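These notes concern the structure reproduced below.
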There are 2 protein chains.
Amino acid sequence: MTDLQGVGSPDLTSTDLYEKLNAQGEKVRTLKSEKAPKAEIDAAVQELLKFKVDYKTVTGQDYKAGCPPTNIIPNSNGPAVEDGDDQVDPWNVSTTSAKGVDYDKLIVRFGSSKIDQELIDRIGRITGQTPHRFLRRGVFFSHRDMQQVLDAYESKKSFFLYTGRGPSSEAMHVGHLIPFIFTKWLQDVFDVPLVIQLTDDEKYLWKDLTQEECYRFAVENAKDIIACGFDVNKTFIFSDLDYMGMSPSFYRNVVKIQKHVTFNQVKGIFGFTDSDCIGKISFPAIQAAPSFSSSFPQIFNDRKDLQCLIPCAIDQDPYFRMTRDVAPRISYPKPALMHSTFFPALQGAQTKMSASDPNSSIFLTDTPKQIKNKINKHAFSGGKDTIEEHRKYGGNPDVDVSFMYLTFFLEDDCQLQKIRQDYTSGALLTGELKKCLIETLQPMIATHQERRKQVTDELVKQFMTPRKLEFNF
Amino acid sequence: MTDLQGVGSPDLTSTDLYEKLNAQGEKVRTLKSEKAPKAEIDAAVQELLKFKVDYKTVTGQDYKAGCPPTNIIPNSNGPAVEDGDDQVDPWNVSTTSAKGVDYDKLIVRFGSSKIDQELIDRIGRITGQTPHRFLRRGVFFSHRDMQQVLDAYESKKSFFLYTGRGPSSEAMHVGHLIPFIFTKWLQDVFDVPLVIQLTDDEKYLWKDLTQEECYRFAVENAKDIIACGFDVNKTFIFSDLDYMGMSPSFYRNVVKIQKHVTFNQVKGIFGFTDSDCIGKISFPAIQAAPSFSSSFPQIFNDRKDLQCLIPCAIDQDPYFRMTRDVAPRISYPKPALMHSTFFPALQGAQTKMSASDPNSSIFLTDTPKQIKNKINKHAFSGGKDTIEEHRKYGGNPDVDVSFMYLTFFLEDDCQLQKIRQDYTSGALLTGELKKCLIETLQPMIATHQERRKQVTDELVKQFMTPRKLEFNF
């Protein structure tokens with residue numbers, strides 16, 4: 001997994017629509033040739049026109065019979081799909097809006113589904129737990145096939161979780177924890193096994209790093225991940241550089257996927273060019289393979305049919321749209337997905353976080369003092385320039401990074417709501433808001449550091465050893 | 001390995017020349033700017049002009065500073081490089097000449113070296129053995145860096161052998177044995193370890209076969225290979241589908257190679273297109289990796305510096321030109337090569353042998369009767385239409401397939417020479433020539449079948465288990 005990854009075309013949706021249009025056109029022709037009643041023909045034509053409008057909305061192109069929607073994305077030097085001022089692709093996420101990326105538009109563009117209140121309530125009902133704050137607050141905002149996963153779960157057909165991280169450095173910041181915090185919650189409330197892929201091979205291919213460095217980062221990152229509290233009896237963490245050489249089944253699935261994806265396809269989805277190395281070009285299959293339970297015969301008792309649920313940041317979706325496209329052709333179930341929003345840099349939602357800039361985020365190694373100073377100095381404020389103005393006009397929490405961070409990490413909904421109100425009214429000053437964030441993050445990071453210290457090399461080895469995991473299905 | 005593979009451009013040679021030209025241009029400029037003596041400048045300019053002529057000869061293009069020789073090959077639907085009427089590429093070998101491909105031209109085109117009498121004599125001297133008939137008769141006719149391998153061997157720096165096979169079916173014919181017969185001889189006379197790659201992953205990617213079928217073919221083919229008499233203490237045979245999942249070091253080398261080869265390069269060398277699957281595009285790295293001893297740490301005691309010698313058919317050379325190009329950039333020694341000619345179909349050197357046409361060659365499973373019938377019915381004859389004409393004008397051994405097969409399999413040089421003379425003079429009739437081939441192949445195949453029967457599943461498992469091999473260096 002790359003840290004921030006993105007987006008190709010809404011290919012499944014547009015292809016679906018294209019096929020629907022073909023079928024509907026055929027239906028109209030048949031009705032006419034059979035001289036069906038006028039009302040029936042008219043209804044079919046109405047339907048056809050409606051599909052044409054949908055098609056134009058999704059693809060931006062007019063429907064033409066015989067021309068499938070293959071070239072929606074301009075194959076430029078990257079799969080950049082600009083929507084307003086947002087750019088979201090596998091290696092770039094940027095927006096000019098201080099509020100961040102427009103996620104509703106992203107759902108339409110990707111053809112995924114919104115995680116609405118009804119779905120959140122259903123998760124609460126089924127698990128008997130209060131839905132996680134990331135669900136309550138729209139951090140995980142989009143999904144694919146979650147209803148189907150829950151249907152199966154209710155009829156005693158369980159699933160496994162898969163998430164991952166691209167270990168590009170030793171330094172992890174609080175934003176990197178988002179998928180892991182949520183995945184740990186899912187593991188707990190659904191009581192399911194989990195595989196975590198560390199794509200050290202990918203980092204070697206993309207960055208100016210040696211394999212040894214990437215592998216070392218993978219092991220170091222594994223410690224931070226383990227510190228999130230995963231159950232060792234239900235969790236397998238693996239480095240690609242290691243696991244590929246430990247499991248013929250994994251490689252067999254990788255080759256199976258590689259046989260069913262062309263260069264044209266990865267060019268369209270990821271924007272690869274002829275100058276890219278063949279390692280990058282074939283890598284997407286390696287991120288796809290853990291979506292299939294047969295990649296882990298030791299873990300899942302040779303079962304090939306287990307459904308997979310992938311919690312990840314929305315920029316990873318292109319990998320899994322590709323995976324979902326391939327799955328039925330190699331007789332495996334499509335993975336389901338839950339997508340999260342991006343975590344903003346301290347400097348604001350328009351700027352990019354960077355592991356090489358220690359001031360762009362709060363790192364998991366920061367001291368209480370560093371946390372305090374960074375937030376006070378660097379966290380972009382939605383407040384007014386003077387106390388007088390602030391008291392009079394109030395601040396804007398929607399562009400305030402301290403407030404955004406609190407939505408991620410402050411558990412208490414009432415307290416968060418009160419902060420929003422008071423900040424908006426001007427009753428709460430920027431300094432006070434920042435203090436609140438500092439007091440939230442300092443103990444959280446300290447606890448993390450304490451837990452990480454407890455993670456022995458022995459425990460890491462245990463997590464990273466392929467073995468049967470506990471699961472009840 | 002594909003059964004018959006081929007040829008891109010003489011890229012190393014042209015790149016070398018290009019770099020030489022750049023350096024020489026730089027030298028001339030420096031001499032001029034330093035106002036060196038006229039004679040010295042003139043000599044340097046002469047040298048420059050000479051390089052330019054060489055460059056044009058090799059690339060067919062004029063040298064231009066700043067424009068490396070990248071697009072020598074037209075990137076059509078395949079790397080077809082036509083030379084006269086021969087076409088030799090990784091998946092096609094064809095010629096319109098009944099004598100077969102013009103191998104001298106191929107050496108020039110590939111930038112390899114001829115295995116000349118001096119080299120053959122040197123091999124005989126160093127090993128203290130009569131050079132193998134494949135050397136004496138030009139079956140192995142071309143090489144890269146053999147002198148260097150022998151230099152090192154003489155100063156007690158030994159090497160390991162690497163060859164392979166693409167297991168596309170259970171059926172192997174006598175032609176498939178050529179590299180193995182020769183490799184076994186090399187193993188014996190040099191006393192060196194050997195790795196044999198069975199590219200079942202490649203066959204899965206290229207053919208309409210399941211992974212299970214390809215793997216089964218790999219194991220079946222391994223039995224025929226073992227029957228050639230390899231020393232189990234010095235030979236490791238592996239299926240890619242298996243070994244990739246058994247050795248992190250192998251995968252690490254594959255990724256290392258994949259990082260250093262672009263799609264442009266494999267497009268130029270192998271003729272891949274955008275419609276090819278990403279598995280094919282990245283496969284060349286998998287055939288390249290066994291050229292490096294670090295891919296087999298269990299076998300070579302973690303040594304990274306062992307020189308590799310690859311005996312293979314000339315059509316495999318593109319894989320290893322690519323490998324030799326990458327090697328110095330990842331700090332590994334370049335593999336040396338010995339190339340063999342192609343084995344003709346019974347119907348003649350212009351036709352393609354096919355495992356699906358049982359009459360196109362003698363298979364290792366043929367009965368004595370089948371061998372007799374096939375040769376009598378199908379072996380293309382260089383004889384005349386009637387006995388009278390044949391007696392009067394003589395036959396042509398150079399297009400006679402029975403005679404060609406005898407050059408591969410009849411050990412006695414004198415006998416072969418006499419057959420050639422008598423056939424040319426008309427003293428020997430086609431039927432008699434065929435009888436001679438039948439009597440050579442029948443016992444050879446029977447012995448092979450007898451040996452293959454002795455190959456137990458246990459022995460196959462032993463050969464295919466990664467383990468330390470015996471070697472004295």
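The values are calculated or read from the model by the stated rules, or taken from the named source; none is laboratory data. Source: prediction; values computed, not measured. Backbone-built Cβ (ideal geometry, glycine too); neighbour counts: all protein chains shown. Note: areas computed on protein heavy atoms with side chains; ligands, DNA, RNA excluded. Shrake-Rupley method; radii C 1.70, N 1.55, O 1.52, S 1.80 Å.
Quick check on segment B:269-278. Is at least one of its residues within 8 Å of chain A (Cβ to nearest Cβ) and part of a helix (DSSP H, G or I)? Scanning segment B:269-278, I find at least one residue that is within 8 Å of chain A (Cβ to nearest Cβ) and part of a helix (DSSP H, G or I), so the answer is yes. Residues in segment A:287-320 that are in a helix (DSSP H, G or I), surrounded by fewer than 24 Cβ atoms within 10 Å (Cβ to Cβ) and in contact with a helix residue (DSSP H, G or I) (Cβ under 7 Å, 6 or more places away or on another chain): A:Ser294, A:Pro297, A:Phe300. Only residues that are surrounded by fewer than 21 Cβ atoms within 10 Å (Cβ to Cβ) and among the small types (Gly, Ala, Ser) were counted in segment B:262-278, giving 1. One residue alone among A:Thr341, A:Thr323 is touching a Pro at 6+ places or on another chain (Cβ under 9 Å), among the polar types (S, T, N, Q), in the same structural domain as A:Leu241 (by TED's automatic domain parsing) and in contact (Cβ under 8 Å) with a residue 24 or more places away in the chain, and that residue is A:Thr323. On the stretch given as segment B:404-417, residues that are under 25 Å from the mean Cα position of the chain (by Cα) and open to solvent by 20 Å² or more (accessible area, probe 1.4 Å) total 5. For segment B:334-372, a tally of residues being of a type outside the set (Lys, Arg) and open to solvent by 40 Å² or more (accessible area, probe 1.4 Å) returns 12.
Is it the case, given these coordinates, that B:Thr386 is under 9 Å from B:His173 (Cα atoms), surrounded by fewer than 18 Cβ atoms within 10 Å (Cβ to Cβ) and assigned by TED's automatic domain parsing to the domain that holds B:Gly431? So B:Thr386 does not fit the description; no. Among the residues of segment B:187-198, is there at least one that is more than 14 Å from chain A (Cβ to nearest Cβ), over 22 Å from the mean Cα position of the chain (by Cα) and open to solvent by 10 Å² or more (accessible area, probe 1.4 Å)? The answer is no, given that none of the residues of segment B:187-198 is more than 14 Å from chain A (Cβ to nearest Cβ), over 22 Å from the mean Cα position of the chain (by Cα) and open to solvent by 10 Å² or more (accessible area, probe 1.4 Å). Selection within segment A:134-159: residues that are aromatic (Phe, Trp, Tyr) and more than 16 Å from the chain's Cα centre (by Cα). The member of this set that is surrounded by the most Cβ atoms within 10 Å (Cβ to Cβ) is A:Phe159. On the given criteria, is A:Gln129 assigned by TED's automatic domain parsing to the domain that holds A:Asn301, over 26 Å from A:Asp398 (Cβ atoms) and in a helix (DSSP H, G or I)? Considered against the rule, which asks whether it is assigned by TED's automatic domain parsing to the domain that holds A:Asn301, over 26 Å from A:Asp398 (Cβ atoms) and in a helix (DSSP H, G or I), A:Gln129 comes out as no.
Residues checked against (1) closer than 30 Å to A:Asn221 by Cα; (2) not small (Gly, Ala, Ser):
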| site | (1), (2) |
| --- | --- |
| A:Lys99 | yes, yes |
| A:Val108 | no, yes |
| A:Ser113 | no, no |
| A:Glu154 | no, yes |
| A:Phe159 | yes, yes |
| A:Tyr162 | yes, yes |
| A:Pro167 | yes, yes |
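Here A:Thr351, A:Thr365 are screened, and the one residue that is polar (S, T, N, Q) and touching a strand residue (DSSP E or B) at 6+ places or on another chain (Cβ under 8 Å) is A:Thr351.
Scan segment B:241-256 for residues that are more than 8 Å from every other protein chain (Cβ to nearest Cβ) and closer than 12 Å to B:Asp201 by Cβ and jot them down. Outline the logic, then answer.
So the first thing to find is which residues in segment B:241-256 are more than 8 Å from every other protein chain (Cβ to nearest Cβ), and the list is B:243, B:253-254.
Answer for segment B:241-256, where residues must be more than 8 Å from every other protein chain (Cβ to nearest Cβ) and closer than 12 Å to B:Asp201 by Cβ: B:Tyr243, B:Val254.
Based on this model, can you work out whether B:Arg452 counts as open to solvent by 50 Å² or more (accessible area, probe 1.4 Å), basic (Lys, Arg) and closer than 16 Å to B:His173 by Cβ? The answer is yes for B:Arg452. Which ones in segment B:286-302 are within 17 Å of the chain's Cα centre (by Cα) and either more than 12 Å from B:Tyr162 (Cα to Cα) or outside the structural domain of B:Lys207 (by TED's automatic domain parsing) (or both)? B:Ile286, the sole residue that qualifies. Scanning segment B:389-403 for residues that are more than 15 Å from B:Lys374 (Cβ to Cβ), open to solvent by less than 40 Å² (accessible area, probe 1.4 Å) and in a helix (DSSP H, G or I) gives B:His390, B:Phe403. Taking A:Cys214 as meeting all but one of (1) over 26 Å from A:Leu459 (Cβ atoms); (2) more than 8 Å from every other protein chain (Cβ to nearest Cβ), write down the number of the exception. Condition not satisfied by A:Cys214: (1). Would you say B:Pro328 is part of a helix (DSSP H, G or I), more than 12 Å from chain A (Cβ to nearest Cβ), more than 19 Å from B:Ser249 (Cβ to Cβ) and without any contact (Cβ under 8 Å) to a residue 60 or more places away in the chain? Yes, satisfied. You will find that of A:Lys372, A:Lys377, the residue that is without any contact (Cβ under 8 Å) to a residue 60 or more places away in the chain and over 30 Å from A:Lys259 (Cα atoms) is A:Lys377 and no other. Being in contact with a Lys or Arg (Cβ under 9 Å, 6 or more places away or on another chain) and assigned to a strand (DSSP E or B) is the filter here; which residues of segment A:162-216 pass it? Within segment A:162-216, A:Leu194, A:Ile196, A:Gln197, A:Leu198 meet the criteria. Filtering B:Lys259, B:Lys223, B:Lys207 for residues that are open to solvent by 10 Å² or more (accessible area, probe 1.4 Å), modelled with pLDDT of 95 or more, closer than 23 Å to A:Ile281 by Cβ and more than 8 Å from chain A (Cβ to nearest Cβ) leaves a single hit, B:Lys207. Would you confirm, using the coordinates I've provided, whether B:Thr430 is open to solvent by 20 Å² or more (accessible area, probe 1.4 Å), touching a residue at least 40 places away in the same chain (Cβ under 8 Å) and over 28 Å from the mean Cα position of the chain (by Cα)? So B:Thr430 fits the description; yes. Residue check: B:Gly166 meets all listed conditions (1) under 19 Å from B:Phe320 (Cα atoms); (2) touching a residue at least 60 places away in the same chain (Cβ under 8 Å); (3) in contact with a strand residue (DSSP E or B) (Cβ under 7 Å, 6 or more places away or on another chain) but one, namely (3). Go over the candidates A:Thr447, A:Thr465 one by one and state the one that is assigned to a loop (DSSP other than H, G, I, E, B) and open to solvent by 50 Å² or more (accessible area, probe 1.4 Å). Only one candidate passes the filter, namely A:Thr465.
Any residue that is in a helix (DSSP H, G or I), touching a residue at least 60 places away in the same chain (Cβ under 8 Å) and in the same structural domain as A:Thr323 (by TED's automatic domain parsing) - is there at least one of those in segment A:235-245?
Yes, there is a match, as at least one residue in segment A:235-245 is in a helix (DSSP H, G or I), touching a residue at least 60 places away in the same chain (Cβ under 8 Å) and in the same structural domain as A:Thr323 (by TED's automatic domain parsing).
The single condition among (1) aliphatic (A, V, I, L, M); (2) open to solvent by 10 Å² or more (accessible area, probe 1.4 Å); (3) without any contact (Cβ under 8 Å) to a residue 60 or more places away in the chain that A:Ile281 does not satisfy is (2). Checking each residue in segment B:347-384 for being of a type in the set (A, V, I, L, M, F, W, C) and at pLDDT below 95 picks out B:Ala349, B:Met353, B:Ala355.
For segment A:127-165, enumerate the residues that are over 20 Å from A:Pro179 (Cα atoms) and among the basic types (Lys, Arg). The answer is A:Lys156, A:Lys157.
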